[in-house]
Amino acid sequence: MKSKTNWIFTASCPSTLGTVDVVTRYMAEAGNYVDEIHSFDDREAGRFFIRIEFRPQSDEFSAEQFAEQFAPRADEFQMEWELTAPDHRPRVAILVSKYDHCLNDLLYRHRTGQLDIEVPVIISNHPDLEHLAEWHGIPYYHLPITPDTKPQQEAEIVKLLEEYDIELVLLARYMQVLSPDLCEYLDGKAINIHHSLLPGFKGARPYHQAWEKGVKMVGATAHYVNNDLDEGPIIAQGIQQVDHAHYPEDLVAKGQDIERITLFNAVRYHINKRVFLNGQRTVVFTD
């Protein structure tokens, strides 16, 4: 796990000669030691992306001073940039239904420091997993949803997200289709996880459907939420081979393992500022 003394700088701008130089030159002039740097120029989109981890060499470093000095240079390149402090812990809300594998994994990694986040609230449309929230000392809100109550309950979800000052929402097997309004509200700040089975098996018991067709691999996809069901910009994916000796319950177990690991990877990439939205795609600087 990397030192928490590192600041993170991220930026994107139109593809222009000198984009790397304007950032690295400033870092050197300001006395900021660069520990890690990634950049990518998307030729198709004509857009440049960069991420830098750095350690200030001066005790007088401040985000305000950085912004004052760097902003004029960034403006010349139409650069959208962000600076993240080492002690920043994103406030994350977890939405869940009845399956507990992803929730268990996220809470364990949160508790052990593998995910440097705060989890101030868990929201569910079922009461089943309240005991997990209670054990971790996290408020749990049961908001049952029916076709008649969905607008009101989604309004309650938004209210809770604002009340708890949430930066990121994780749909940890939250088995509800979000309304277009809620998808728009969560644009770019909500991550969903779902199985990835080929051919596609939708509806109830997808792993059993897959077994009946003799699939040879199971997988999972973590993506940002948008109004296209399970088709938002992809952050991370995972797969594992299976064969004729795997029964439906084996596929379920393997699939759930891949789901939790894939969701964890997507979350850590996001909170470590390694993910850039690029239209309907993403740029992900993996570690």
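Counting only residues that are assigned to a helix (DSSP H, G or I) and modelled with pLDDT of 95 or more, how many does the range 154-181 have?
Selection size over the range 154-181: 10.
Can you pull out the strands (runs of 3 or more DSSP E) entirely within the range 80-148 that have at least 2 residues that are under 14 Å from Leu170 (Cβ atoms)?
On the way: elements: 80-84, 91-96, 118-124, 140-142.
It comes to 91-96, 118-124.
Is it the case that the range 62-74 has a residue that's in contact with a strand residue (DSSP E or B) (Cβ under 7 Å, 6 or more places away or on another chain), farther than 30 Å from Pro144 by Cβ and surrounded by 13 or more Cβ atoms within 10 Å (Cβ to Cβ)?
Yes, the range 62-74 has at least one match.
What is the number of the single condition among (1) in a helix (DSSP H, G or I); (2) of a type outside the set (Ser, Thr, Tyr); (3) under 30 Å from Met175 (Cα atoms) that Met27 does not meet?
(3)
Let me confirm something: among Ile234, Ile258, which residue is in contact (Cβ under 8 Å) with a residue 12 or more places away in the chain and either open to solvent by 50 Å² or more (accessible area, probe 1.4 Å) or polar (S, T, N, Q) (or both)? Full working, then the answer.
On the way: Ile258 fails: either open to solvent by 50 Å² or more (accessible area, probe 1.4 Å) or polar (S, T, N, Q) (or both).
Only one candidate passes the filter, namely Ile234.
Can you name the condition, by its number, that Asp230 falls short on among (1) closer than 19 Å to Leu115 by Cβ; (2) at pLDDT below 90; (3) of a type outside the set (A, V, I, L, M, F, W, C)?
Condition not satisfied by Asp230: (1).
Output the residue which, of all residues in the range 191-216 that are at pLDDT 90 or above and in a strand (DSSP E or B), is most open to solvent (accessible area, probe 1.4 Å).
Selected residue: Asn192.
The values are calculated or read from the model by the stated rules, or taken from the named source; none is laboratory data. In this text, all values refer to a predicted model and were calculated from it rather than measured experimentally. All Cβ positions, glycine included, derive from the backbone under ideal geometry; neighbour counts span all protein chains shown. Note: accessible area is taken over every heavy atom of the protein model, side chains too, but ligands, DNA and RNA are not part of it. Shrake-Rupley method; radii C 1.70, N 1.55, O 1.52, S 1.80 Å.
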